[in-house]
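Participant: Below you will find the structure I want to go over with you.
The values are calculated or read from the model by the stated rules, or taken from the named source; none is laboratory data. From a predicted model like this one, the values you see are computed outputs, not experimental measurements. Every residue, glycine as well, gets a Cβ built from its backbone with ideal geometry; the counts of neighbours run over all protein chains shown.
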Amino acid sequence: MSGLAVAFAALAYGRQAAQQAYDRLLIGAAGQIAGAVSIRDGEVVVDIPASAFDLLALAREDRVVYAVFGPDGTLLTGYDELQRPEAAEDVAFAHASFAGEPVRLVALKRHFAERAFRGTVTVVVGQTLRARSELAWDIAGSALVVVAVAGLLMVALVIFAIRSALLPLRRIENLLSSREPQDLTPLRLAVPSEIGHLTAAINRFMARIDRQVTATRGLIADASHQLRTPVTALRAQAELAAEENDPERQRAIVARIHKRAVGLGRLTDQILSHAMIIHRAEAVPRESVDLRLVAMKAVEETDAGVEGAGAPIRLDLPEEPVLCRGDEFSLVEAVKNLLNNALKHGRPPVDLSAANEGERALITVRDTGEGLPPEDWQAASRRFFDSAGASPSQAGLGLAIVGAVAKAHGGSLKFARPPEGGFAASLVVPAAPAEKSEKA
Amino acid sequence: MRTLPAFLFRAALFLTALLAAPQAPAAELVPEATAVFGAPAGGERLLIKSTTDVAAFRPALEAFAGTVPGLRIDYEQWASNDLYAVAAKACAQARPAADLLVSSAVDLQVRLVNDGCARPHRSALTDRLPEDLNWRSELFGVTRELAVMVYNTRLVPPREAPRSRFDLIDLLRPPGSNYAGRIATYDIEQSGLGYLFAFVDAQQATTFGALSEALGRSGAVATCCSAEIIDGVARGDYLIAYNVLSSYALARAETDERLAVVAPEDYTLVLSRAALIPKGAENAFRAAAFIDFLLSPPGRSALQATHLLPPSGATGDAALGLSDPDDATLRPIALSPSLLVGLDRHKRAQFIRLWRQTFPWRLDRD
């Protein structure tokens, strides 16, 4: 379609150029004839110069028609088939037909103001259109060749550009398909910046998968490690009970079995909770969270959950919100774990505070007990650490959960022995700028 | 009566555009001679009207008739102006004047083509013609002849034999020259070819002014027709003839040792008789075939036999400058619309008026 349009444009251009070129020829010839008009004894005499017709003969194949008209419109010389044009201009072009062929005419006027003669002599010169259309097609043809060559070049260029632009994608594809199934390390590939965003997104996505896979794997390892010992112990106690003949001792063994089973239940809860928190930390979208609110919820749920809760928890919250970006549920669970640890292993009273500290937001649980020995601080948030050994009732997963939540929020779990005494555990996360108070 | 009074042909010439007026003069135009070639009547017929003498064209016509069984060629020989008048009138009435028109008055042939009276013909042979000899694929130059001088060898002493126009002017210069009144050329009012030669001469060189002045002052004779002029030279009525066609001159000189032919050394006009097929020609197919025949080797050699073409090869008559087509002294008359200038009404009237002033003693044949 566009090719057709270009062809039409080229032909129109060629026609116009040819028209102009041969119109000049006509004007030249008409001018020479007009210049050869003279007045002799009051009569108009035309002495046509041969050069005028030599000029017209430059269009080799074209027939020539001409006429010279006097002031009153009478034909002085030339073809009487021609009419004197009525145009007012001194130079006027027209189309007409001559002996069955279309001709292009020019009419040229020459004004005489002499003693013997006054008036206007009109010279009309015309030519058939062969040379014009030949030239027009010539010009159009060459123009089309140029356009076609340019078009082909453009197509070639576009193909080349698309190919080279998509080449990195092909490389990424090859790289991905040639990987080991377990390989989730980032792609290392030099690519243009347009593709850079894509590889960055792929790498982020793979990192997320990697974290989840690692977490799941860790969870499975934890679960098997944590559950194996109590289950083995239960089985041993149960065997013991089966072989015991003394009802009194048998009852004592059953009581121990019950206690162990309760511990095992709590451990299972914690492992599942841990799994859930780690999953949420990865999967739930982050929103703006006020740590004061987190502290209050954690206290509420801890009070409700601990049997015989005589121990008081003192809340110390600032006036202004303590904001960070994160998952409220996991944060509450983490704080609950800290509180439970303090209530179970520390010494009351237990203080819970939230505060902004420059670029960081933190929530701290403090008791007046000895707390963890400093040499264990480093390892405390790791998964298998259990300060009191693998006792099922102590469920040593608590700090591991807090550590995982802190890590998922880009923060950390910190321990300290404050100067005023006791032991403090802090969940530290990056603060969110308080652009607006959502929960005033 | 071989020709018509000037005013009659001019009337015919300029009234052709009018509706077919049944004036007597137009009806009286008749060929100078007719001839028939080939098979007897009844079969295919080809009508050719030409200015060429029957004798000069005979070999070509006979050769062509021999190649087409059952073809009868009617050949009419016409005076050039009459031929144009007949053809232009037929064209204005939208009927063909013949199947083929061949004329030495090539300007009139150009005019016929320009006025849309011809139909095109293209073949491998016409495409090989040089540009000057093929106009619009409608008009074809088929011969190659020169405008030459002929003198009487008995009456013109060798040292006075003219080699150029300057020699001719010099011969005429002395008062009481021997040549006064004894140089002949065409009457341009009667001969279309004579007008063409004179008009082209006038454009070729300034010599023309001096020459026509010398001719006029010495009382040169303007008369009609190549054959008549050459006869006059052979008899001794004229000593020198100026601007006659080489074909007739060479043909006569071959058998008449009183005649010598000279191609002017300053410049020599070269004429190609022009052939066209009129629009609506009944046997246009055979006419086209005849044109192709004239351009083919057998046709060429038939034309060479009567000097309508120079002999092929470099061994031609060097004295006529025929052996070298690139000779700078040769001035071919190209078939192009440039020739229309001479036919312009005003231009022609002025040129003829000048001519009449030059030749006050021209033979009045009325």
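Participant: What is the residue count in region A:1-22 for residues that are among the polar types (S, T, N, Q) and touching a helix residue (DSSP H, G or I) at 6+ places or on another chain (Cβ under 6 Å)? Don't jump to the end; show me each part of the working.
Facilitator: Pass one, region A:1-22, residues among the polar types (S, T, N, Q): A:2, A:16, A:19-20.
Going one step further and asking which of them are touching a helix residue (DSSP H, G or I) at 6+ places or on another chain (Cβ under 6 Å), we end up with none.
Adding up the residues that qualify gives 0.
Participant: Additional query: Within region A:126-148, is even one residue within 27 Å of residue B:135 (Cβ to Cβ), free of Cβ contacts under 8 Å to residues at least 12 places away in the same chain and assigned to a loop (DSSP other than H, G, I, E, B)?
Facilitator: So far as region A:126-148 goes, no, none of its residues is within 27 Å of residue B:135 (Cβ to Cβ), free of Cβ contacts under 8 Å to residues at least 12 places away in the same chain and assigned to a loop (DSSP other than H, G, I, E, B).
Participant: Those residues that are more than 11 Å from chain A (Cβ to nearest Cβ), farther than 12 Å from residue B:274 by Cα and not in a helix (DSSP H, G or I), I need them from region B:87-110; list them, please.
Facilitator: B:93, B:95, B:96, B:97, B:98, B:99
Participant: Considering every residue within region A:232-248, establish whether at least one is β-branched (Val, Ile, Thr) and surrounded by 11 or more Cβ atoms within 10 Å (Cβ to Cβ).
Facilitator: For region A:232-248, residues β-branched (Val, Ile, Thr) and surrounded by 11 or more Cβ atoms within 10 Å (Cβ to Cβ): absent.
Participant: Conditions: (1) within 30 Å of residue B:78 (Cβ to Cβ); (2) outside the structural domain of residue B:77 (by TED's automatic domain parsing). Residue B:162 meets all but one. Number of the miss?
Facilitator: (1)
Participant: Take region A:341-361 and flag every residue that is crowded, with 18+ Cβ neighbours inside 10 Å, part of a helix (DSSP H, G or I) and of a type outside the set (A, V, I, L, M).
Facilitator: If the condition is that a residue be crowded, with 18+ Cβ neighbours inside 10 Å, part of a helix (DSSP H, G or I) and of a type outside the set (A, V, I, L, M), then A:341 is the only one that fits.
Participant: Residue B:320: buried (at least 18 other Cβ atoms within 10 Å of the Cβ), modelled with pLDDT under 90 and more than 14 Å from every other protein chain (Cβ to nearest Cβ), yes or no?
Facilitator: When the stated conditions are applied, residue B:320 passes them.
Participant: In this structure, does residue B:248 turn out to be crowded, with 20+ Cβ neighbours inside 10 Å, aromatic (Phe, Trp, Tyr) and within 21 Å of residue B:82 (Cβ to Cβ)?
Facilitator: yes
Participant: Restricting attention to region A:50-79, report how many residues are in contact with a helix residue (DSSP H, G or I) (Cβ under 6 Å, 6 or more places away or on another chain) and either acidic (Asp, Glu) or at the interface with chain B (Cβ under 7 Å from one of its Cβ atoms) (or both).
Facilitator: Residues in region A:50-79 being in contact with a helix residue (DSSP H, G or I) (Cβ under 6 Å, 6 or more places away or on another chain) and either acidic (Asp, Glu) or at the interface with chain B (Cβ under 7 Å from one of its Cβ atoms) (or both): 10 in total.
Participant: Please go through region B:111-153 and give me each residue that is of a type in the set (Asp, Glu), within 11 Å of chain A (Cβ to nearest Cβ) and more than 25 Å from residue B:81 (Cβ to Cβ), ordered by number.
Facilitator: B:131
Participant: Among B:139, B:172, B:168, B:83, which is the only one that is in contact with a Phe, Trp or Tyr (Cβ under 9 Å, 6 or more places away or on another chain) and under 25 Å from residue B:270 (Cβ atoms)?
Facilitator: Details: B:139 fails: in contact with a Phe, Trp or Tyr (Cβ under 9 Å, 6 or more places away or on another chain); B:172 fails: under 25 Å from residue B:270 (Cβ atoms); B:83 fails: in contact with a Phe, Trp or Tyr (Cβ under 9 Å, 6 or more places away or on another chain).
Criteria check complete, one pass: B:168.
Participant: Further question on the same structure: Taking residue A:240 as the residue in question, decide whether it is in a loop (DSSP other than H, G, I, E, B) and without any contact (Cβ under 8 Å) to a residue 40 or more places away in the chain.
Facilitator: no
Yes/no per residue for (1) polar (S, T, N, Q); (2) over 30 Å from residue B:349 (Cβ atoms):
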{"site": "B:137", "(1), (2)": "yes, yes"}
{"site": "B:144", "(1), (2)": "no, yes"}
{"site": "B:152", "(1), (2)": "yes, yes"}
{"site": "B:157", "(1), (2)": "no, yes"}
{"site": "B:161", "(1), (2)": "no, yes"}
{"site": "B:167", "(1), (2)": "no, yes"}
{"site": "B:174", "(1), (2)": "no, yes"}
{"site": "B:191", "(1), (2)": "yes, no"}
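Participant: Restricting attention to region A:318-340, which residues are within 37 Å of the chain's Cα centre (by Cα) and outside any helix (DSSP H, G or I)?
Facilitator: The answer is A:321, A:322, A:323, A:324, A:325, A:326, A:327.
Conditions (1) surrounded by 16 or more Cβ atoms within 10 Å (Cβ to Cβ); (2) closer than 27 Å to residue A:135 by Cα; (3) among the small types (Gly, Ala, Ser), marked per residue:
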{"site": "A:48", "(1), (2), (3)": "yes, no, no"}
{"site": "A:55", "(1), (2), (3)": "yes, yes, no"}
{"site": "A:59", "(1), (2), (3)": "yes, yes, yes"}
{"site": "A:66", "(1), (2), (3)": "yes, yes, no"}
{"site": "A:73", "(1), (2), (3)": "no, no, yes"}
{"site": "A:77", "(1), (2), (3)": "yes, no, no"}
{"site": "A:80", "(1), (2), (3)": "no, no, no"}
{"site": "A:83", "(1), (2), (3)": "no, no, no"}
{"site": "A:89", "(1), (2), (3)": "no, no, no"}
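Participant: Moving on to the next point. Looking only at region A:80-114, count how many residues are more than 14 Å from every other protein chain (Cβ to nearest Cβ) and of a type in the set (Asp, Glu).
Facilitator: 4
Participant: With the structure loaded, tell me whether residue B:47 is more than 24 Å from residue A:127 (Cα to Cα), surrounded by fewer than 23 Cβ atoms within 10 Å (Cβ to Cβ) and either at pLDDT 95 or above or of a type in the set (A, V, I, L, M, F, W, C) (or both) or whether it fails that test.
Facilitator: Working: more than 24 Å from residue A:127 (Cα to Cα): yes; surrounded by fewer than 23 Cβ atoms within 10 Å (Cβ to Cβ): yes; either at pLDDT 95 or above or of a type in the set (A, V, I, L, M, F, W, C) (or both): yes.
Yes: the conditions hold for residue B:47.
Participant: Suppose we keep only residues that are under 30 Å from residue A:213 (Cβ atoms) and among the hydrophobic types (A, V, I, L, M, F, W, C) within region A:136-186. Which one would you say is nearest to the chain's Cα centre (by Cα)?
Facilitator: So, considering only residues that are under 30 Å from residue A:213 (Cβ atoms) and among the hydrophobic types (A, V, I, L, M, F, W, C), the one nearest to the chain's Cα centre (by Cα) is A:169.
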